[in-house]
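Some notes on the structure that comes next.
The values are calculated or read from the model by the stated rules, or taken from the named source; none is laboratory data. Being a predicted model, the structure only gives us computed values, none of them experimental. Note: ideal-geometry Cβ built from the backbone for every residue, glycine included; neighbour counts use all protein chains shown. Surface accessibility is based on the protein's heavy atoms, side chains included, excluding ligands, DNA and RNA. Shrake-Rupley method; radii C 1.70, N 1.55, O 1.52, S 1.80 Å.
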Amino acid sequence: MQKVYAALMTAFDENGNIDEKGTREIIRHDIDVEGVDGLYVGGSTGENFMLGKDEKKRVFDIAWDEAHNDDVDLIAQVGSPNLHEAMELAKYVTNELGFKTISAVTPFYYNFTFDEIKHYYDEIVKDVDANLLVYSIPALTGVSLSLDNFAKLFENPKIIGVKYTNADFYLLERIRERFPDKKILSGFDEMLLPALIEGVDGCIGSTYNVNTKVVKEEIDAYNKGDFERARELEHQKNDVITAMLNNGIYPTIKLILEHMGVHAGYTRAPMAKYDDKVIKGADEIYNKYFK
Ligand code: NGF
């Protein structure tokens, strides 16, 4: 069965400081109420790229402490264009905590060559007892990997797959066909069904913090060959995602969590704090789809 991972949100207080209690509540909600199979900690949804190194460690600490005794997979996203930091975080989550799977975003901002990108990944996994998922999200990083690039990265046996947040289904099909044993986790929640058709092993996403049940039903329908039902559920899910995207995805998910009794708090600057319009929009989405 394909697994559903919530890309864990981080709760922040009004001043943009990590709210530990709220973050723990999100984790409990994801596991106990949504029934996710795993958590992807320190990704885009966790607002990780706006955090300092010690704050990233704190989020990993909280997630590990709260969830390591639960029957869920935990993945720590340690990547950063600061390779020293990425290596330190990889060692931290594996040696000081007990993460067995890490992930790393493709290094961004500078136009790194592919050889530099390969070196980055090999360095991150070199001294840690963990496997790694490449985090490929070209729309945000500007870094596109080709099939041959993946082939070269996958030569390292510790690199076990990819979190694929990309709408290129031709490339996805080529990766699946060439690397049947590598893990592919789909990253665009709104493109789950086409990704399932291409044979992904599961999905990781922001909306699974609040909308996992319908997604599990969709996966189940797909696996039973009931494609009509799977399409119906994909439409249902995407009506919610479209409304969320139009209202601002992260604040809206946080506000929906608040409606569910989870203190998910605020987003962190430079992201704008939600205003009355966003709050009203999130109220409407909650009342229409979640109540
Ligand atoms: O938020 C983004 C930006 N993508 C997430 C997900 O791919 C990121 C996706 O769930 C993620 O998993 C992480 O690293 O935290 C979208 O929010 C969703 O599909 C709506 O577009 O692209």
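Tell me, what is the FRET efficiency for A151 and N82 to the nearest 0.05, using R0 = 25 angstrom and their Cβ-Cβ distance as r?
Working: r = 27 Å, r/R0 = 1.07.
Calculated value: 0.40.
Answer with one residue from Y121, L74, S103: the one whose Cα lies farthest towards the positive end of the charge dipole of the chain, charges on Cβ with Lys, Arg +1 and Asp, Glu -1.
Positive-end residue among those listed: Y121.
Where Lys and Arg each count +1 and Asp and Glu each count -1, what net charge lies around G35 among other residues with Cβ under 10 Å from its Cβ? It would help to have the intermediate numbers written out before the result.
Numbers: positive: K213, K216; negative: D30, D32, E34, D37.
Around G35, the charge tally is -2.
List the chymotrypsin sites (Phe, Trp or Tyr not before Pro) in segment 79-176 that DSSP assigns to loop (not H, G, I, E or B) and whose Cβ has at most 15 other Cβ atoms within 10 Å. Which are they?
Details: sites: Y92, F99, F108, Y109, Y110, F112, F114, Y120, Y121, Y135, F150, F154, Y164, F169, Y170; in loops: F99, F108, Y109, Y110, F112.
Listed in order of number, the matching sites are Y109, Y110.
Given a 1.4 Å probe, how much area per residue of the chain is accessible, in Å²? Don't skip to the answer; put the middle values down first.
Working: 12750 Å² over 291 residues.
Value for the chain: 44 Å² per residue.
Count the DSSP beta bridges whose two residues both fall in the chain, then state the antiparallel fraction as a percent rounded to the nearest 5. Mind dumping the intermediate values first?
On the way: 2 of 32 bridges.
Roughly 5 percent of the DSSP beta bridges within the chain come out antiparallel.
Lysines near K224 by alpha-carbon distance under 20 Å, same-chain residues fewer than 8 away left out - which ones?
K3, K213, K216, K237
Take K183, K158, K291 and sort them by solvent-accessible surface of the protein heavy atoms, 1.4 Å probe, largest at the top.
Working: K183 95, K158 55, K291 175 Å².
Sorted by accessible area, descending: K291, K183, K158.
Determine the gain in length on full extension of the stretch K288-F112; use 0.36 nm per residue of separation and subtract their C-alpha separation, reporting nm with one decimal. It would help to have the intermediate numbers written out before the result.
Details: separation 176, 0.36 × 176 = 63.36 nm, distance 4.50 nm.
The span from K288 to F112 would gain 58.9 nm if fully extended.
Expressed as a rounded percentage, what relative contact order does the chain have, with Cα pairs under 8 Å and six or more residues apart? Spell out each step's value before the answer.
Numbers: 513 pairs, mean separation 60.1, N = 291.
Rounded, it is 21 percent for the chain.
Can you tell me the alpha carbon radius of gyration of segment 236-282 divided by the globular rule-of-thumb value 2.2 N^0.38 Å?
Values: Rg = 10.4 Å, N = 47, 2.2 N^0.38 = 9.5 Å.
Against the compact-globule rule of thumb, the ratio is 1.10.
What's the carbon and sulfur percent of the chain's accessible surface, probe 1.4 angstrom, rounded to a whole number? It would help to have the intermediate numbers written out before the result.
Values: 6170 of 12750 Å².
Of all accessible area on the chain, carbon and sulfur atoms account for 48 percent.
Would you kindly state the longest site-free stretch of the chain, with sites defined as GluC sites (Glu not before Pro) in a DSSP loop (not H, G, I, E, B) surrounded by at most 11 other Cβ atoms within 10 Å?
On the way: sites that count: E14, E155.
Between exposed loop sites, the widest span is 15-154.
Excluding same-chain residues fewer than 8 positions from K53, which lysines have a Cα within less than 27 Å of its Cα?
Cα-Cα hits under 27 Å: K21, K91, K100, K118, K126, K158, K163, K254, K273.
Can you list, bin by bin at 5 Å, the percent of alpha carbon pairs in segment 3-213, starting at 0?
1, 7, 17, 20, 21, 17, 10, 4, 1, 0
Would you calculate the separation in nanometres between label points at E55 and M260, each defined as 7 Å from the Cα along the Cα-to-beta-carbon direction?
2.4 nm
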